[in-house]
Structure formats: structure tokens, C-alpha cells
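Everything below concerns the one structure shown next.
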Amino acid sequence: VAGELGASLRLTSGPAIQHAGDLAAILSSLEDGDVLFVDEIHRLARPVEEMLYLAMEDFRVDVMVGKGPGATSIPLTLPPFTVVGATTRAGLLPAPLRDRFGFTAHLDFYEPSDLTRIVTRSAQLLSFALETDAASEIASRSRGTPRVANRLLRRVRDWAQVHGNGRGDLGAASAALAVYEVDERGLDRLDRAVLRALCTRFGGGPVGLSTLAVSVGEEPQTVEEVAEPFLVREGLMSRTPRGRAATAEAWAHLGLTPPAGHVSHVGQGGGQTSQDEGGGRLFG
């Protein structure tokens, strides 16, 4: 956006702006036409949100000077600027803030072909010789998320430098990802532990989240926000009114046979996208 406008780009994040004064300092440093990008915008504090309302509508902020009865409010006029906010938790944005954005875009997960290009470019930046089939293998296990793809690429590079010949061929990629317990569909140890517990201990479910989490030694929030969104999206788990249930595809992926009389559930959504995943929304 900043490139199209020929403007400067300022980057910040919701957790970094703790006080209204922090936002006032950022806004006052903007020049005409600048673009302000706020990552994790849903984590802005309420006083900061209220100041942003006024800045977005009237291009001004009121700065409090002094304390107590002698405090005065000084209006500060701002040049026209563009705000772009990003979040994976759009539901946590208060309606007054969400409605002030003129455009909302949903960013879906990346296709393997796109991730392959990203991995190839990242390998060049790392001065790591990565073959095309190895890049495709990394991309296919990256959950549709560039951040995950780049993390796996670095682990493949480390393995190739220590145990291989320093080159990123398909053998090195497969061996490295096996060491880090990332299977061909991108499931990691926790994902498989949840699925295996669901199938072997609870007969495929349905089972409650808390019970399922205890069975794998994790907190319910960890299972719900880290493992469950990807499993639901991949059609390996479904969320039902009675709890979580394994799908026929989950049994097949684990190489297990459903018990006699078991009714396989059809994969269905309902899990929210965790902050570690690639899907999210952009507000501008």
C-alpha cells in the first residue's frame, strides 16, 4: 500500500502501544500520506483505541498536559494518513474500531506453489543451495503459512550443514523434517498426539476438550488454539455439540482401523484460527 501511494511506512504492533501517549507520539511523527501498519491490532488497550477513533475520523488527537484539576487538553492536528491493521482474532476487535475501517480483507492460507517460491527466495537470502523438489517438500508441510515454511527451511539447513553435505536436496529435507516430527501433511507431535488419543483412547469421540487435553498432558487452551484449528481445517477432526470427534480421514492418516460400529464424523469447521496460523484479516 505504501509503495502504491509513494509514501513512508511506519510499523508497530498492538502490544507495543501500551498508553495513549505512545500512540500520540507515533501519530505526531507521521507526515502527509504516510501509512501506519498496526499488527495484532486487537491487542490495543482501550484508551489507545479511543484515541485512534478520533485520529481516524477527524485527523486530530487530544493530548492531556498536566495532572489533576490543572490538567488541560491540547488538540493536535494530524496530517492525512492511512491506517492498516492486521489480526488473526477479528472477533476481539470492538465494533466501533472495526467499523471505522473503510475496507476489510480476509487473507487465506497460501497455496503450496506460492510457498515453494517463498521458500526458494528465503533459501537464496540464507545462501543455502536448495533444490526445487526439496523446496516443494518443505512447502507441502508448512500448513499454508510462510512463517512456518521459513522456520522449517532453517531447520532443514541446519540438518544439511551438520549431517549432510550442506546442500538442501529432497533427502536432506525429508530427513530433517522427520527429526523434527513434521509429517507429510504438516502435522507435528502435538497434532498427532491429539488425533491418536482421540482415536485410541476415546474410540474416535466425541469427547470433551478438557478430557482430550488431559489425555495428552496439555492445557485445554493449548489444544484448542494450537492443534485444533489445523486439524479441523485439514478435515481430520470435527467439532460437534457433544465434543471433538475424529473423521474417517484421521483414522486413515494414522493407519488405524475404526472399531466395529464406529460412525465416522464429517470434518467441519468451527475452530478459530490461532495466532500461529497464516489466515487473518486486514483492515484499511
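One chain, two ends: R196 and L54. Fully extended at 0.36 nm per residue, the span grows by 46.0 nm beyond their Cα-Cα distance.
Working note: Debye formula, equal point scatterers on the alpha-carbon atoms of the range 112-179, no solvent; log10 I(q)/I(0) at q = 0.11, 0.14 Å⁻¹ is -0.18, -0.30.
Compute the separation of the alpha-carbon centres of the range 177-223 and the range 69-132 and state it in Å as a whole number. When both Cα centres are located, 31 Å separates them.
Shape class for the range 1-153: prolate, because the ratio a/c of the largest to smallest gyration tensor axis (alpha-carbon atoms, square roots of eigenvalues) is 1.5 or more and a/b beats b/c. Across G21, G235, G255, mean-square fluctuation computed from a Gaussian network of the chain (C-alpha pairs under 10 Å connected) peaks at G255.
Within the listed set L153, L130, L254, the Gaussian network model of the chain (springs between alpha-carbon atoms below 10 Å) gives the highest mean-square fluctuation for L254. Note on A105 and A178: with the Förster distance fixed at 45 Å, the Cβ-Cβ geometry gives a FRET efficiency of about 0.75.
Note on the chain: with charges restricted to the Cβ of Lys and Arg (+1) and Asp and Glu (-1), its dipole about the Cα centre is near 620 debye. When peptides 55-62, 40-47 are ranked by their average number of other Cβ atoms within 10 Å per residue, the highest-first order is 40-47, 55-62. In this Cβ point-charge picture (+1 for Lys and Arg, -1 for Asp and Glu), the range 112-179 has a dipole of about 320 debye about its Cα centre.
Around the amide H of M237, modelled in the peptide plane, lie the amide H atoms of V232, T247, all under 5 Å away and 5 or more residues distant in sequence or on another chain.
With the charge dipole of the chain set up from +1 on Lys and Arg Cβ and -1 on Asp and Glu Cβ about the Cα centre, the Cα lying farthest toward the positive end among the listed residues L212, G166, A25 is that of L212.
The length gained by stretching the chain between A25 and L76 to full extension, at 0.36 nm per residue less their Cα-Cα distance, is 17.3 nm. Its residues counted as N, the chain yields a C-alpha radius of gyration over 2.2 N^0.38 Å of 1.26.
Each value in this text was obtained by applying a stated rule to the coordinates, not by laboratory testing. In this text, all values refer to a predicted model and were calculated from it rather than measured experimentally. Backbone-built Cβ (ideal geometry, glycine too); neighbour counts: all protein chains shown.
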